[in-house]
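The values are calculated or read from the model by the stated rules, or taken from the named source; none is laboratory data. In this text the structure is predicted, and so the values were computed from the model without any measurement. Positions of Cβ are backbone-derived with ideal geometry, glycine not excepted, and every protein chain shown enters the neighbour counts.
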2 protein chains.
Amino acid sequence: MTLVKDSLEPIYQQIARYFRAQIESGRIAPGDRLPPTRDLARQLGIGRISVVSAYAQLQAEGLIAAHAGRGTYVSGGRAPVRGLDGASRQFPGAPDIPMREITRLAEQPGVIAFSGGAPPEEFLPVEALRHALNLVLDRDGAAAVAYEEADGYPPLRAGVTEYVSSLGIQCQPDDVLITGGTQQALDLVVQTVLGEGDALITANPTYLGLLDIVHVRRVRPVGVPVDGDGMRLEAVEAAIREHRPGLIYAAPTFHNPTGAVMPLHRRRQLLALAAQHNIPVLEDAVYHELGYRGTPPPPLKALDEHDLVLHASGFSKILLPGTRIGYVIASGPLRERLARVKQAADICTPGLNQRAIHVFLANGALIGHLNRVRLELRERCAAACLAASRHLPPGSQWAEPSGGLYLWVRLPDDGPTAAELYVTAIQHGVAYAIGTLFYTDGSGGRHIRLNFAAHPPARIEEGFRRLGAAWQAWQQTYAPAVRRAPIL
Amino acid sequence: MTLVKDSLEPIYQQIARYFRAQIESGRIAPGDRLPPTRDLARQLGIGRISVVSAYAQLQAEGLIAAHAGRGTYVSGGRAPVRGLDGASRQFPGAPDIPMREITRLAEQPGVIAFSGGAPPEEFLPVEALRHALNLVLDRDGAAAVAYEEADGYPPLRAGVTEYVSSLGIQCQPDDVLITGGTQQALDLVVQTVLGEGDALITANPTYLGLLDIVHVRRVRPVGVPVDGDGMRLEAVEAAIREHRPGLIYAAPTFHNPTGAVMPLHRRRQLLALAAQHNIPVLEDAVYHELGYRGTPPPPLKALDEHDLVLHASGFSKILLPGTRIGYVIASGPLRERLARVKQAADICTPGLNQRAIHVFLANGALIGHLNRVRLELRERCAAACLAASRHLPPGSQWAEPSGGLYLWVRLPDDGPTAAELYVTAIQHGVAYAIGTLFYTDGSGGRHIRLNFAAHPPARIEEGFRRLGAAWQAWQQTYAPAVRRAPIL
């Protein structure tokens, strides 16, 4: 591969174009492995960021696919997956750039990062946590730092039971399993309910962490399209008949990344569909409490008449990400199996963290904190929508969210994809999450997710301005070059 | 089933005898499921403890086997296991009484519990932890409670690198992955290296939590016999040739439950064997620092010339169980895969806990604490060995440990098995861990594990006295009855 370093065409575009030619000409066959980004970067004597970006673009074009921890392969082939039978299986649309990669690129000094998934850091109740920790250590002494029950600290399980009852969920403390954040709750359910190769239905796009689970657990993701009200039910029904899934994953309220809220009647229809085919539903309710325009419909679990819903949520988005306290609400034998898998996974969730969160629940501090965060989120959301209309390229599309942390934007067709624009955006001092990351099939190349919650209004305005400027710069500099440049 | 409540034969013996007859007569076939302990207890209007104990005895006899979260089945048959092919597989020796069950029974007021795996609670450095937590919150503010890097808090990874160098392990911070306790480190390695049905070699008996992982992950455990120096190598070699394992699990220093220490030459031979067959070795070093009679040989990782050893350890046994901080030291592509599985499992380990442990490492508090704990453990170990020679039934066998928390005792043949004695022991106010729990094949019925570290010398003396008394009582009351009693 020969790179023209002073070409108008950016390095990563040249790399992408080289591999595109290799693939289209068949010189690289489906299933062939591409060199690791780090190695290739060293080989070519260029920054890894260019290689990462080139691979991202090729995946956005569906030419390649990555497999968690197993490398990047030309699509249409079979990636080596260790299986009982020794046979290989392929998984579509594994994110080519893991979120950690995005985060690193976005962490460069001066970059305004809208790429992460964290709640606003300046509102994390550090002092209240300090108070809770000291209170717990005074009250419980060594018991607070000894092994905790595998199911969770009993008073916290009772506290969660009471807390979710305010959302309309009726359950017993025995139905509550405390987990290491909502992520572990999702992972425990997936590995308890599904086996390797089993199908899981999810909205497409969907939560990035679910795709991580899907690829690590070797589950087969079946993505169904969404509209403004979330998953389209006729597509869900078709997917059920075609793929016989073992589980339906649904994030009906302030869906990540789209922000969609599933209306009450569709929630009931989804549950009826699940009941008709007797398929358990994994509900991800982690954003449910972050609404700032009206109250969302009740969670699926509150409408669950056939005991099919496993309700997963936690305190990372609404209170303290770093304490890693989540929970899953389930009952019957499945609940017992979840507890066994949890115990094998890490024995128990840290007792001190559980007891501190329990203090927040017990003394009402959580409610006060939530009200404050909601007000701030509403303000930041308004600032983001205003900045978007001011600075994003004409033809961009988005829906104003009524809750959650994210603005989901579709860039216009007559310009760079999210992956193509990414490096330029970083160079202009702004970062976003590339849309393809959230899709099961590597589509969504024109979408970007912007976490406006992470910054105060002034920074949001400035960040969106930079994004618009990056778009302009790309159009003026690269677009003609790309059209002009021959295959090397 | 008819129970004679005022019989000299204890209820649980009657239940066990009923099922034994049913099984031996073929009225219950291999693969048939026994009723859940809770249901049967309700049905018979008796305490669940009797049913649990009866099942424990039947398993000790090899007549039945339990499968984590999937119930108890008559042995020799096939338990329903969800697999890709839909076929069923059977796993030998799943613990019939999960550790949580044992713990509950042992938690009755007045019972001196030697059954757990926790370090002495009265030495947990609660005040030092409080100091560390407040220091971290002062110093880092919100960053201490935000999302942490998936690989772990970088200064802690550097601190672990320096810490293990004192044990002779040379590694880089990038080789260190912080986990939710050592248990998660073990689980991540097993699920990253092995697939369903793959074989794993382990000492037999072995760590209970490893058996939990084995059953949840549907890995095939291959137990090799031990002597006073740990795993017998000719048995390891034979097992390698017969089962082609994907991983060898080894706890060479103060092995749980036996307390054995593998000598240097055998460590080298084990590694040579692994290298010869190119099989990775998962080293569990969680007790390595708890020696109180001389210094143990270096960890396997310190002797690892072929980069085959994955070194798992943590701070639960030596410092604070409840903070759930452990680590695995690995390098190369496997290290990267471990990080991906970790991120899918729970995104990250709580940052606050990691930063607090880092303070203990950085200010030297850990070393001081360790020295204090070692002194106390030596005293308690001596008290336990003395009490054992005083009170345990004649013919009992044990080896005096040189480190760790446990005394591993083999009861004499002319009396009850550990499972048979258990209920009587509880009634006499003492609890132990039943030996069969630690075996891959349900053998070891005459063994018990006693965690002497959990109690001061006086309590140890009293607890062992009660154990001896329980043995006497069982012999005088039940033994003749059992010999006399006809099948119901």
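Annotation: of all residues in the range B:413-455 being of a type in the set (A, V, I, L, M, F, W, C) and surrounded by fewer than 24 Cβ atoms within 10 Å (Cβ to Cβ), the one that is farthest from B:Ser115 (Cα to Cα) is B:Ile426. Only one of the listed residues (B:Glu420, B:Glu462) is farther than 30 Å from B:Thr202 by Cα and part of a helix (DSSP H, G or I). That residue is B:Glu462. Restricting the range A:330-346 to residues that are among the aliphatic types (A, V, I, L, M) and either surrounded by fewer than 19 Cβ atoms within 10 Å (Cβ to Cβ) or in contact with a Ser or Thr (Cβ under 8 Å, 6 or more places away or on another chain) (or both), the residue that is farthest from A:Tyr163 (Cα to Cα) is A:Val341. The listed residues are B:Thr440, B:Thr417, and the only one of them that is in contact with a strand residue (DSSP E or B) (Cβ under 8 Å, 6 or more places away or on another chain) and at pLDDT below 95 turns out to be B:Thr440. Within the range A:67-82, the set of residues being small (Gly, Ala, Ser) and either in the same structural domain as A:Glu420 (by TED's automatic domain parsing) or modelled with pLDDT under 75 (or both) comprises A:Ala68, A:Gly69, A:Gly76, A:Gly77, A:Ala79.
For B:Pro298, state whether it is over 18 Å from B:Val189 (Cα atoms) and in contact (Cβ under 8 Å) with a residue 40 or more places away in the chain. Judged against the criteria, B:Pro298 is a match.
Yes/no matrix, rows are residues, columns are (1) in contact (Cβ under 8 Å) with a residue 40 or more places away in the chain; (2) charged (D, E, K, R); (3) within 23 Å of B:Asp198 (Cα to Cα):
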site: B:Gly223; (1), (2), (3): yes, no, yes
site: B:Val226; (1), (2), (3): no, no, yes
site: B:Ala235; (1), (2), (3): no, no, yes
site: B:Arg244; (1), (2), (3): yes, yes, yes
site: B:Ala251; (1), (2), (3): yes, no, yes
site: B:Ala275; (1), (2), (3): no, no, yes
site: B:Pro280; (1), (2), (3): yes, no, yes
site: B:Val286; (1), (2), (3): yes, no, no
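Can you name the residue in the range A:131-141 that is facing chain B (nearest Cβ under 8 Å) and surrounded by fewer than 18 Cβ atoms within 10 Å (Cβ to Cβ) and is also nearest to B:Leu137 (Cα to Cα) among such residues? Out of the qualifying residues, it is A:Asn134.
Here is a yes/no grid of residues against (1) at pLDDT 95 or above; (2) closer than 30 Å to A:Leu194 by Cα:
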site	(1), (2)
B:Leu84	no, yes
B:Leu124	no, no
B:Glu149	no, yes
B:Ala158	yes, no
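Inclusion of A:Asp227 among residues that are surrounded by 23 or more Cβ atoms within 10 Å (Cβ to Cβ) and either of a type in the set (Asp, Glu) or in the same structural domain as A:Gly117 (by TED's automatic domain parsing) (or both) is not warranted. If the condition is being in a loop (DSSP other than H, G, I, E, B) and closer than 27 Å to B:Ala473 by Cα, then the range B:401-413 contributes B:Leu411, B:Pro412, B:Asp413. The residues of the range B:334-370 that are part of a loop (DSSP other than H, G, I, E, B) and away from chain A (no Cβ under 11 Å), listed by number, are B:Asn363, B:Gly364.
Per the listing B:Ile318, B:Ile347, the residue uniquely in contact with a helix residue (DSSP H, G or I) (Cβ under 7 Å, 6 or more places away or on another chain) and within 21 Å of B:Leu210 (Cα to Cα) is B:Ile318.
When each of A:Arg324, A:Arg268, A:Arg293 is tested for being assigned by TED's automatic domain parsing to the domain that holds A:Cys348, touching a residue at least 24 places away in the same chain (Cβ under 8 Å) and crowded, with 23+ Cβ neighbours inside 10 Å, the lone residue that passes is A:Arg324. Report whether or not A:Ser88 is modelled with pLDDT under 60 and under 30 Å from B:Gly246 (Cβ atoms). So A:Ser88 fits the description; yes.
Looking across the range A:144-182 at every residue that is farther than 14 Å from A:Ile329 by Cβ and of a type outside the set (Gly, Ala, Ser), the one that is farthest from the other protein chains (Cβ to nearest Cβ) is identified as A:Pro155. Give me the pairs: first residue in the range B:356-379 and farther than 25 Å from B:Ile178 by Cα, second residue assigned to a helix (DSSP H, G or I), beta-carbon distance under 7 Å, and six or more apart or on different chains, which are they? Close Cβ pairs (under 7 Å, with a partner that is assigned to a helix (DSSP H, G or I)) amount to B:Arg372/B:Phe123; B:Glu376/B:Phe123; B:Leu377/B:Ala453; B:Glu379/B:Pro457.
Selection of the range A:145-188 for residues being without any contact (Cβ under 8 Å) to a residue 12 or more places away in the chain and assigned to a strand (DSSP E or B) yields an empty set. Within the range B:184-219, being more than 9 Å from chain A (Cβ to nearest Cβ), surrounded by fewer than 24 Cβ atoms within 10 Å (Cβ to Cβ) and touching a Ser or Thr at 6+ places or on another chain (Cβ under 9 Å) holds for one residue alone: B:Asn204.
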